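The values are calculated or read from the model by the stated rules, or taken from the named source; none is laboratory data. What you see is a predicted model; the values in this text were computed from it and never measured. Cβ placement follows ideal geometry from the backbone for every residue including glycine, while neighbour counts extend to all protein chains displayed. Remember, those area values only see protein heavy atoms, side chains included, never the ligands or the DNA or RNA. Shrake-Rupley method; radii C 1.70, N 1.55, O 1.52, S 1.80 Å.
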Amino acid sequence: MKSHSLRHQPPSQYVKQTFEDAASKPESERFAFLDEACANDAELRREVESLLNSLTQSGQFLEPPDEPTTMPHDNTLAGKQIGPYRIERIIGEGGMGAVYKAVRDYGQYQKNVAIKVVRGALWNEHILERFELERETLARLQHPNIAQLLDGGTTDDGVPYVVMEYVEGIPLDAYCDEHQLDISERLKLFRTICSAVHYAHQNLIVHRDLKPGNILVDATATPKLLDFGIAKILDASQQVEASEMTRAGLRFITPEYASPEQLRNENITTKSDIYSLGVVLFKLLTGKRPYDFRNQLPHEISRAVCEELPQRPSTVVLKETSRLGNENTEPKPEAVSALRDTNPHKLSRQLSGDLDNIILKALEKDHEKRYGSVEHLSEDIRRHLEGLPVFARNATLAYRVTKFVGRHKPGVAAAATIILLSVGGVLATLWQASKATKEAAKAEQINLLLQEMLASADPAKSGKDVTVVQTLDRAVERVERELVLQPEIAASVLHTIGETYLALGQYEKADRDLKHSLVLRQQVLGSEHEGIATVLHSLAFLAQLRSNHTEADSLYRRAIAMHRTMSPAPDNHLASMLSDYGTLLHERSENDKALQVLRESLEIFQGIGGNDSKEYAIALTNLGSALKDNGQLGAADSVYRLALDIMKRTLGEDHIDVAQAINNFAFVLVNEGNDDEAEKCFRQSLAIRKKVLGDKHPEVALALANLAGLILKKGNLDEAEQLSQESLRLYRATVNPDNLRLSSSLVFLGRIANTKGNASRAEKYLTEALAIRKKVLPPGHYGILGTEAELGRAFTLQKRFIEAERLLTQAHEKLQTTMGEKHQAPKTALNYLRELYRVWGKRGKANSIGGENPVNATPQQPAPIERK
């Protein structure tokens, strides 16, 4: 195998890494280390010793460069100003620079921050430009477990600095040891970290230097990831030749936690962070690292990481010593296990099996063999904690049975077990019966039974926790493997699974299985069939949820036309298709057509005697939404009250469809000026959705956004901002980045930022929202115009008066034309226009316009989507 020793890299990089390793040791041990590391290389030793002499302290928070700094990194900066920040004291120092605690005064309010002052020798014009481009992206990383990048720039002396959220805590591994957390507690804490890394990856940001020292845990047991994305700013590998990058000292990695591709200077992806997380988890559970290094020389570390197989965690915890570092300081098995509240042999048994395989899968040298995402890694840990089979192990029958027998947890885990066992049994029976007897009627009966059981995973039908999605994953695998010769039955089962995925908010999986079902049905049934129309209907609604409105419109029309052709008379299916299609037309502001389609849906329900059904009630709520936005508030109120009465009577109080109806009724109350009752409805809808769907579902994000809009209208900016941020985080984790619903949270955050006087931040939120709405909505839609009005206000507050006037004049005129003078949207735009002229100094124009206080205006958002 080819060696990838760092010894063969450019000398300056070797100097950097040797210096880093020496600096990490106590001063009393450094010369002994250099004797071994720099044997027969006097030049290397001179350079490293020169760097060591310039270092007064060593810290893990910062990575050392190839050159010493020219700026003092000590408390001589205490009391001085860097930009608007007043330095208090130094809190960390290393070769790359120093970190200071600082404070920014906001009148009576003070905000503590951490300022990283970076060595000027590391920066050039290209890196500064790259930093400016990246900083805005990184600043948008708003996650409770990520220390946010707040600001950055250069001092009056031209020294670059980065301003971050101040975190008071201790490194992850030290925290776990100090509190003697057991394996289960450590795994749960690690999953929290995974959620933060996954969030950043969804925002296309890779950390590149994950290690315990970059993960601090505070007094409330909340982990915070530091330096997220800083490595990307400092790593010019995408745009600078490797030799230039090395000469500038720009590869800021910690070799012991770096992936093989990082050490080989290859392209960095999210899979590199997965590898680093694997090393962190290994250290967290065993107290040691995956490789038995002979020493800490960089080229030895690189060779081991790139070429050697990592040790199994269950084995390493029983080893008395390791050759890594000073043998006397290597933790003994008894000490390691005691810190994990157990003994060495019990610890080994805990790690053996699932955890061995999970960690080793994360540590695969071939990045293609690692977990597909951090979310997948976290999910396998969850499965292990709940006694479920993990995907890192081969799913043999013996393994599955062992997991089932050993699992005694109540609730969801038990329910998922029963479903999975039942599904497996039914599928096996179906396969055997079909193969042996060819009895189509019997196969169809079994298929119907299977669909009923799979549908029980839909929380809207059963109220079970959405984690039964894993049951569906297993069912899909067996369908694709065992029903190859039964395409019609496979299509029906996949359609049921796809619909259930859709209900659970798993849109990618729903799209995959619904399209597979469509292909199978077309192969068996031809291009025109009632069964094909049913799948087209499901795909249409899915496209609508994903804001693919043009595709949704085409699919709805195909499904409706096909069903009319194939069915002799209007039925419940056609009525439901029309009801859903009406919501799309309403969302696209085609209100007249929407009202026509929705009324036809209700007429069909009434004609077939279905006017006391859940489907009829949902069609009523859809009609109510269209009536509300058409200004017919009295009619909308009556329709909603009737729908709610039917739903509560037929479904009970805690049902997802009841939550949706309450949500829509709240909008009527808002338009009637009954904000207090509306707030009660929004909160009730949110509580039901969380109870039924869990905390990580896009419908919960929608409920949070709707509540935020009302709280904003009532003037509670802080709560509205918190709700909007929570909604936005959840949307970013569950839907596509161009989803229409996500834009509502962005608009609210933009409006809040405007009201708080942070117009530049408002502009960022609103620009992103406007891009989404222009992509999804038709030209002239009130959602676009309302966003342009809000953006115009941001320009006003930034004194960009000409741009503001253009946007606000255009938005007001079009809103007034399309919605009428009495609607709140044109009133809001008019208020903003008046504010513009007042700030601009054109008081004559401002007084001639009139208008109200813009703070009291209600921002507009597209109507929520309801579903059968």
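Quotient of the Cα radius of gyration of the range 696-838 and 2.2 N^0.38 Å, N being its number of residues: 0.99.
The residues of the range 477-588 expose, per residue, 37 Å² of accessible area to a 1.4 Å probe. Per residue, the solvent-accessible area of the range 611-700 (1.4 Å probe, heavy atoms of protein chains only, all protein chains present) comes to 37 Å². With all protein chains in place and a 1.4 Å probe, the accessible surface of the range 478-546 carries 51 percent carbon and sulfur. Report the FRET efficiency, 1/(1 + (r/R0)^6), for Leu633 and Thr817, where r is their Cβ-Cβ distance and R0 is 25 Å, rounded to 0.05. So the FRET efficiency works out to roughly 0.75. Each peptide in 355-362, 213-220 gets a packing score, the mean of other Cβ atoms within 10 Å over its residues, and the list from highest to lowest is 355-362, 213-220.
Tell me, what % of the accessible area of the range 700-780 is carbon and sulfur with a 1.4 angstrom probe? Display every interim value, and only then the final one.
Numbers: 1280 of 2500 Å².
Result for the range 700-780: 51 percent of the exposed heavy-atom area is carbon or sulfur.
Judged by the mean number of other Cβ atoms found within 10 Å, the most tightly packed of the peptides 529-540, 143-154, 668-679, 578-589 leads the ranking 578-589, 529-540, 143-154, 668-679. Here the label points at Leu642 and Asn112, each 7 Å from Cα along the C-beta direction, are separated by 6.0 nm in the simple model.
When you count the other C-beta atoms within 10 angstrom of each residue and take the mean per peptide, 748-756, 80-88, 561-569 line up highest first as 748-756, 80-88, 561-569.
Summarising the amide proton neighbourhood of Gly152: residues at separation of 5 or more, or on other chains, whose placed amide H is nearer than 5 Å comprise Val163.
Pull out the extension gain between Asp592 and Leu525, defined as 0.36 nm times the separation in residues minus the alpha carbon to alpha carbon distance; nm, one decimal.
Taking 0.36 nm per residue and subtracting the Cα distance, the gain is 20.5 nm.
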